[in-house]
Structure formats: C-alpha cells, structure tokens
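**Q** Let me begin by handing over the structure; questions about it come next.
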Amino acid sequence: MGTSMASPPYDIKFRDLVLFILEKKMGTTRRAFLMELARRKGFRVENELSDSVTHIVAENNSGSDVLEWLQVQKVSASPQLEVLDVSWLTECMRAGEPVETTGKHQLVVRGDDSAGPSPDPQKTAPLAVETMSQYACQRRTTLNNHNRVFTDAFEVLAENYEFRENEGSYLTFMRAASVLKALPFPILSMKDTEGLPCLRDKVKCVIEEIIEDGESSEVKAVLNDERYQSFKLFTSVFGVGLKTSEKWFRMGFRTLSKIKSDQTLKFTRMQKAGFLYYEDLVSCVTRAEAEAVSVLVKEAIWAFLPDAVITMTGGFRRGKNIGHDVDFLITSPEITEEEEPQILPKVINLWERKGLLLYYDLVESTFEKLKLPSRKVDALDHFQKCFLILKLHHQRVDCGKSGQQDGKSWKAIRVDLVMCPYERRAFALLGWTGSRFERDLRRFATHERKMMLDNHALYDKTKRIFLKAESEEEIFAHLGLEYIDPWERNA
Ligand code: CTP
Ligand code: MN
Ligand code: MN
C-alpha cells in the first residue's frame with residue numbers, strides 16, 4: 001500500500017462526524033489502511049487529534065488506555081467526544097454509513113479492571129476481512145505485497161497443479177495468492193485470515209504450517225519433485241508448453257543440453273529460437289530495456305503510421321520493473337480498414353532489413369465487429385498481433401550494458417505487438433494490461449452484471465446492446481465498479 005503517497009481527495013458524505021484513529025497498539029499500516037478506507041466511504045478522518053474530533057477509534061485499547069493517552073495530548077477534547085472500539089468502524093464500513101454507537105462499542109473506564117467492552121475475537125478480526133471482495137477487480141493490488149512468504153508458496157503449488165493439469169486446484173491457489181497480495185498487512189496468525197474470501201481449507205493448512213514452521217512441507221516436496229523441476233525447466237524455453245514438456249519428461253529427458261543435442265527430436269521454429277536465445281530470454285527484461293524497446297517500436301511504427309498511438313501494456317504498465325517480455329498496443333484514429341493490416345508487416349520488414357529481427361510470428365486478425373464477446377475468461381483475442389524476438393543493442397539502453405558480459409553487443413528480447421481498431425482501444429488496453437485482475441473483471445461482468453466483456457467489447461445481455469467506451473474509466477463505470485489504476489491491478 002502506498003501509505004507514503006498522498007491520498008486522493010475524497011468527498012465527505014458524513015459531515016457531522018470527525019474521526020480520529022488511534023495508532024497505539026494498532027500500528028501504522030493498519031491505521032493507514034483504515035483511514036484510507038473510511039475516507040473512501042465518505043467519512044472525515046483527521047490525521048492529527050484536534051478539538052474538532054468527535055469520534056476516537058481505538059483497537060486493543062481499554063477506555064483507560066485511551067484516556068491516559070488523551071491526557072498527555074495538548075488538546076482540549078470535547079465533552080461529547082466518543083471513544084469507540086474499532087468494531088464500530090467495522091460496522092460503519094459494512095453499512096457504508098455511520099451506525100449508531102451503542103454500549104458494546106463504547107470504551108469505558110472501569111477502575112481497576114480496564115478491559116473495555118470485552119472484545120469479541122470475531123469483531124477485532126482485521127477489517128479487510130469484511131470489505132475484501134472475492135473478485136480481484138474490486139480490490140486494489142499494488143506491487144507492495146505484505147504476504148510474499150505465503151503467495152510464493154501458493155504460486156509454487158499452483159504451478160505444480162498446472163503441470164499436472166489439475167485446473168481446479170490451480171485456480172484455488174492462484175485466487176488465494178491474489179487475495180493475500182491485496183491484503184494491506186502481513187498475516188501473523190490464523191485469526192488474520194478469518195472471513196477472507198477464496199481461502200479453502202487446503203489453502204489455510206498451508207498458511208498455518210508456514211506460520212508455525214516458517215515453511216510448508218508440501219511446497220518443499222514440490223520443489224524437490226523431479227516432474228516439477230523438469231517441467232519448470234522445459235517450459236522456460238520459449239515455444240515449449242505443457243504438451244511438449246510431458247513428452248520430453250516421458251522420454252526420460254531431464255536436462256536441456258540432452259534435449260538440444262538429441263538427433264531424433266523435431267523442434268518448431270519457435271522452439272529453435274527459444275534454444276538459440278535461451279540465456280537472454282530467461283534473464284528478465286529490465287525497465288530500462290523495455291524503455292529502449294519502446295523507442296525502437298515507436299521509431300518503426302511512426303515511420304509508416306505517424307499518428308499511431310502506441311502504449312506499453314502488460315506488466316510494465318502495471319508498474320513492474322521486470323518482465324518476461326514487452327507488450328505494446330498500437331492504434332490510430334485515422335487509419336483505414338485497408339491500411340491497418342499492412343503496418344505490422346511493414347515494420348517487420350524494416351527490422352528484418354536492419355538485422356534486428358531474430359524471430360517473428362504474425363497472426364492475422366479474425367476480428368468481427370458484431371461478434372459477441374467471448375464467454376471464456378482466458379480466450380485469446382482476435383486482433384492482428386505479432387510475437388517477436390528483437391535484437392536490442394546495449395548502446396540503446398539507458399544504463400549502459402544490460403547484464404550481458406559475454407562480449408555480445410546485444411540482447412534478445414521478447415516483444416508482443418497488438419494492432420486494434422481505434423474504437424476498441426479501451427477494451428484492448430484493459431485486456432492487455434492483464435494479470436488475474438482482468439480475468440476477474442470478465443467473471444464479474446458475467447456473474448454480477450449479466451454482461452460479457454473481452455478484449456474487444458462489452459455487451460449488455462439484458463439490454464442487448466454493445467456498450468461503447470473511449471477509456472478504461474468508462475468500462476469500469478459501465479460495470480458499476482470503482483476505477484482501479486493499472487498499478488493497482490497486480491492481482
Ligand atoms: N494477453 C492476451 N492475449 C494473448 C496474450 C496475452 O490478452 N494472446 C494479455 C494477457 O491477459 C496478459 C497480458 O496480455 O495479462 C500481458 O501478457 P504477458 O506478457 O504474458 O504477461 P505480463 O502480465 O505482461 O507479465 P510479464 O511481465 O511476465 O510479461
Ligand atoms: Mn508482458
Ligand atoms: Mn506478452
């Protein structure tokens with residue numbers, strides 16, 4: 001969470017209340033999270049205690065604790081000041097408006113035993129629990145992951161299930177990882193997981209083991225598993241998927257060098273390129289390299305299409321500093337339907353002549369204007385696109401040499417280019433900015449709105465119309481969702 005960033009200004013809906021959240025025993029992260037949440041819901045929340053404050057919210061503090069704290073503050077608190085347990089705020093957040101303060105919320109000062117309103121463990125469970133949606137598109141997920149120990153473990157397990165073609169378990173662990181990535185505080189005990197969506201029992205078992213032992217025996221077993229290790233290695237080659245990995249594994253192969261030198265195996269053009277540029281392609285693309293590729297792409301596209309709008313999408317648009325490739329969306333307000341398919345071939349031809357083209361696969365468009373959006377959450381789109389490997393010379397990269405120390409003056413970089421009609425650019429941009437977030441947007445559209453969304457369009461099944469959009473914000477608005485910025489889509 002960007003606790004250091006200034007919060008955007010929110011409209012104050014409830015002007016009679018002025019809240020102050022006590023940091024003591026709550027911690028800065030959780031306090032910042034609660035403040036942000038309350039402000040987003042229209043509450044006025046002060047950063048500092050002042051005499052205008054009407055409600056003090058505390059957690060794990062008794063009335064006496066708060067009173068003691070108040071006495072050392074140089075503020076004359078109003079006699080009407082309410083001192084409340086965090087459970088009151090929780091209920092307000094759930095209701096979306098202030099709820100009445102009753103005895104069970106009020107922190108009272110009780111002479112010797114200052115236990116306050118004997119906190120019900122359920123109530124003091126982290127607030128995120130009650131506000132976190134099962135859909136990633138209703139969560140803000142930045143790259144600041146507080147639960148990496150758990151999410152890394154889940155991702156290993158998910159990948160192993162993927163290798164074993166167990167789609168259900170794969171999804172279970174991917175969704176769980178996605179939920180924990182959005183959590184604004186680290187999970188320290190099982191209590192912190194209460195009420196969180198998408199945490200099945202087998203997920204909770206893994207969390208519990210990691211909390212208790214610092215590691216999961218299941219993850220350890222997977223990491224040592226021969227099949228997992230082989231699949232991981234084989235699929236790291238560009239052009240090698242599950243089918244090929246399965247075949248090689250069954251044939252008894254365990255190393256890439258044995259596979260490369262085998263005379264009987266046939267490789268696709270993609271796999272040949274994958275082996276040829278293996279070292280470059282497995283070493284991730286840095287942001288500096290991505291920026292250099294962006295310049296290269298813009299030079300080439302603008303040479304043929306000066307008004308082209310070129311946007312870097314994928315992980316880099318979500319703020320990541322490394323990626324496995326660089327993705328670009330290209331569109332133009334003026335281009336005709338006849339010209340559009342000719343740009344990418346011209347660009348490829350230019351790079352070929354310059355000796356920069358190491359591999360390419362051009363996929364022609366199968367886009368039809370009236371076709372309904374696909375029901376499948378991970379269906380491929382129908383735009384013209386090109387999967388490339390480009391030669392990026394080190395001198396084009398801002399921070400000089402980009403990792404390679406073998407005397408080679410360039411690095412092979414995977415690049416994806418997508419060409420889309422101008423009126424579809426918002427849908428294409430949303431789709432190609434990607435992550436689990438985007439799949440959940442489609443799921444949300446289908447199940448919660450009776451709409452169909454994909455990389456091309458949004459269709460309202462009730463009204464039987466296509467909903468147009470000029471920007472991503474408009475698509476969120478059509479879906480009745482709060483807008484989530486690209487860097488908050490790292491689900
Ligand atoms: N995508 C798509 N159709 C494809 C390939 C990709 O719609 N044929 C979308 C995916 O939804 C994906 C996004 O484009 O989320 C970017 O894809 P990819 O480069 O594979 O993932 P990144 O999120 O960019 O991750 P990385 O940083 O590793 O490249
Ligand atoms: Mn990418
Ligand atoms: Mn890509």
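The values are calculated or read from the model by the stated rules, or taken from the named source; none is laboratory data. All values reported here derive from a predicted model rather than from experimental measurement. Because the Cβ atoms are built from the backbone with ideal geometry, glycine has one as well, and the counts that use them run over all protein chains shown. The accessibility values were calculated without ligands, DNA or RNA, using every heavy atom of the protein model including side chains. Shrake-Rupley method; radii C 1.70, N 1.55, O 1.52, S 1.80 Å.
**Q** Name the residues in the stretch 295-318 that are aromatic (Phe, Trp, Tyr) and under 25 Å from the mean Cα position of the chain (by Cα), would you?
**A** If the condition is that a residue be aromatic (Phe, Trp, Tyr) and under 25 Å from the mean Cα position of the chain (by Cα), then Phe316 is the only one that fits.
**Q** On to the next question. Give me the pairs: first residue in the stretch 411-432 and closer than 21 Å to Glu337 by Cα, second residue within 10 Å of ligand 1 (Cβ to nearest atom) and among the β-branched types (Val, Ile, Thr), beta-carbon distance under 7 Å, and six or more apart or on different chains, which are they?
**A** These pairs meet every condition: Ala428/Val418; Leu429/Thr313.
**Q** Among the residues of the stretch 261-288, write down those that are open to solvent by 40 Å² or more (accessible area, probe 1.4 Å), part of a loop (DSSP other than H, G, I, E, B) and either farther than 12 Å from Thr244 by Cβ or polar (S, T, N, Q) (or both).
**A** Asp262, Gln263, Thr264, Thr268, Ser283, Cys284 - these are the residues of the stretch 261-288 that are open to solvent by 40 Å² or more (accessible area, probe 1.4 Å), part of a loop (DSSP other than H, G, I, E, B) and either farther than 12 Å from Thr244 by Cβ or polar (S, T, N, Q) (or both).
**Q** For the stretch 427-453, which residues satisfy the criterion of being away from ligand 2 (no atom under 16 Å from the Cβ) and either modelled with pLDDT under 95 or in a helix (DSSP H, G or I) (or both)?
**A** Phe427, Asp440, Leu441, Arg442, Arg443, Phe444, Ala445, Thr446, His447, Glu448, Arg449 - these are the residues of the stretch 427-453 that are away from ligand 2 (no atom under 16 Å from the Cβ) and either modelled with pLDDT under 95 or in a helix (DSSP H, G or I) (or both).
**Q** Among the strands (runs of 3 or more DSSP E) lying completely within the stretch 349-424, list those that include at least 3 residues that are open to solvent by less than 20 Å² (accessible area, probe 1.4 Å).
**A** 384-393, 410-419
**Q** Hey, Met35 hits all of (1) part of a loop (DSSP other than H, G, I, E, B); (2) under 25 Å from Thr131 (Cα atoms); (3) open to solvent by less than 60 Å² (accessible area, probe 1.4 Å) but one; which does it fall short on?
**A** The failed condition is (1).
**Q** Then there's this: Residue check, Leu199 against (1) in a helix (DSSP H, G or I); (2) within 14 Å of Ala153 (Cβ to Cβ), all met but one. Which one?
**A** Leu199 satisfies all of (1) in a helix (DSSP H, G or I); (2) within 14 Å of Ala153 (Cβ to Cβ) except (1).
**Q** Determine whether Phe328 is aromatic (Phe, Trp, Tyr) and without any contact (Cβ under 8 Å) to a residue 40 or more places away in the chain.
**A** Here the answer is no, as Phe328 does not meet what is asked.
**Q** Take the stretch 247-260 and flag every residue that is assigned to a helix (DSSP H, G or I) and open to solvent by 60 Å² or more (accessible area, probe 1.4 Å).
**A** Residues satisfying the conditions are Lys247, Arg250, Ser257, Lys258, Lys260.
**Q** Continuing with this model, one more query. Between Ile322, Ile348, Ile335, which is within 16 Å of ligand 1 (Cβ to nearest atom), among the hydrophobic types (A, V, I, L, M, F, W, C), out of contact with any His (no Cβ under 6 Å at 6 or more places or on another chain) and touching a residue at least 12 places away in the same chain (Cβ under 8 Å)?
**A** Ile322
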